[in-house]
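Here's the structure we're looking at; comments come further down.
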Amino acid sequence: MKGRIYNFNAGPAALPLPVLEEIQAEFLDFKGSGMSITEVSHRSKWFDVTINDAVARVKRLLKLDENFHVLFLQGGASLQFCMVPMNLLREGESADYVNTGIWAAKAIKEAQIQGKKANVVASSEDSNFSYIPADIHFNPDAAYVHITSNNTIRGTQWPSFPDTKGIPLISDMSSDIMSRSFDPSPFGLMYAGAQKNLGPAGATLVIIRQDMLDRVPQHLPTMLKYTTYAEKNSMFNTPPCFAIYVIGLVLKWLEESIGGVDKMETLNRQKASLLYQAIDRTDFYRGTADKECRSLMNVTFRLPSEELEKKFVNIALENGLGGLKGHRSVGGCRASIYNATDLEAVKALVDFMEEFERRNG
Ligand SMILES: *Cc1c(COP(=O)(O)O)cnc(C)c1O
């Protein structure tokens, strides 16, 4: 569509164009209410249908059984770093954490500042977080194992989930939820800030298994307890209504236009392999993550100099390709190719990369 760029932002990130058009089309009169979705009561039938539809779609798309509760919270993934140990780690217990980058480290810190025992059982810090540790020995009595399924900043992703031998797995899935299929049964809890692969900022998706809810201490502040959200269908207080509505539309698009998570994964693999091929083809571009654990979502790479990287990002934008600057903490370049960034966008980027190398290599 004219005036819109190919969007490779890391988050907030691209949304499917049909979703944006649907929001626009029904914005002034939401489903015959005579109001916009931002004006209706969260206690109204209009919003009830909206949130229940979003919850049902999450369950269908991830093939969750009745043991799982689907919740919408606020405070981003960052609040989950704090809520997970607060709710799930009891007095005297410890949890295992795997440190695969900045977000993982923040999760560890939030457990430790509460005086909780968070054991770092594996880390890839020795190599600039360029890989995902393998053959990890988990403590058999850990209350849970916490991982970051996709490392948005470093461009690594768990190729498959670790076998925790029955210990509940908890994952920060902010940047890869709904991008590939997996067996949800080992997971006690999954969480994701919406602004990467689900919708706009403002809502956090939390998927929690019943046995984890049973761990929640009574004495916690009401708004910091998972049970509060589970008992009230995420509506103890006013939820982030607009964000939940958009998430519902994105999930409808994923189910009905794409055809589900399996189909999405096939497309995502196609997109990522095209881009990694372009990087590997030459010495001009250099991928920063080890090949076995490269992310399908965040493709990180360097150019021969920082000066060229700056030029690459700027000239790309002049050519309608936005958001290619690496995270400020690591530099370099990063193309985030979440679900909503389609094959056409990736092809345009690959063409641009070839042209840029011809002129500057
Ligand atoms: C973006 C991101 C976060 C931070 O999310 P907020 O919603 O801003 O708190 C945490 N973890 C991962 C993996 C992320 O990509």
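The values are calculated or read from the model by the stated rules, or taken from the named source; none is laboratory data. Values in this document were obtained by computation on a predicted structure and should not be read as measured data. All Cβ positions, even for glycine, are placed from backbone atoms using ideal geometry, and neighbour counts span all protein chains on display.
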> Within the bounds of segment 230-242, is there any residue that is within 10 Å of the ligand (Cβ to nearest atom) and surrounded by fewer than 19 Cβ atoms within 10 Å (Cβ to Cβ)?
Replying inline: no
> Hey, among the residues in segment 327-361 that are surrounded by fewer than 22 Cβ atoms within 10 Å (Cβ to Cβ) and touching a strand residue (DSSP E or B) at 6+ places or on another chain (Cβ under 7 Å), which one's modelled with the lowest pLDDT?
Replying inline: 327
> Which residues, taken from segment 1-35, are out of contact with any helix residue (DSSP H, G or I) (no Cβ under 9 Å at 6 or more places or on another chain), within 30 Å of residue 350 (Cβ to Cβ), free of Cβ contacts under 8 Å to residues at least 60 places away in the same chain and part of a loop (DSSP other than H, G, I, E, B)?
Replying inline: 2, 3
> Being more than 16 Å from the ligand (Cβ to nearest atom), at pLDDT 95 or above and touching a Gly at 6+ places or on another chain (Cβ under 6 Å), is that true of even one residue in segment 51-58?
Replying inline: yes
>> more than 20 Å from the chain's Cα centre (by Cα), more than 15 Å from the ligand (Cβ to nearest atom) and not charged (D, E, K, R): which single residue out of 138, 187, 182 fits that description?
In response: 138
> Of the numbered conditions (1) outside any loop (DSSP other than H, G, I, E, B); (2) within 16 Å of the ligand (Cβ to nearest atom); (3) of a type outside the set (Ser, Thr, Tyr), residue 119 satisfies every one except a single condition; which is it?
Replying inline: (2)
> Do any residues in segment 167-194 that are under 25 Å from residue 93 (Cβ atoms) have Cβ atoms under 7 Å from those of residues that are modelled with pLDDT under 95 and away from the ligand (no atom under 15 Å from the Cβ), where the two are at least six apart or on different chains, and which pairs are they?
Replying inline: none
> Filtering segment 158-176 down to residues that are more than 10 Å from the ligand (Cβ to nearest atom) and under 14 Å from the mean Cα position of the chain (by Cα), which residue is surrounded by the fewest Cβ atoms within 10 Å (Cβ to Cβ)?
Replying inline: 158
>> Go through (1) in the same structural domain as residue 143 (by TED's automatic domain parsing); (2) touching a residue at least 12 places away in the same chain (Cβ under 8 Å) for residue 221 and report which single condition fails.
In response: (2)
> Counting just the residues of segment 196-229 that are within 16 Å of the chain's Cα centre (by Cα) and not in a strand (DSSP E or B), which one comes out surrounded by the fewest Cβ atoms within 10 Å (Cβ to Cβ)?
Replying inline: 201
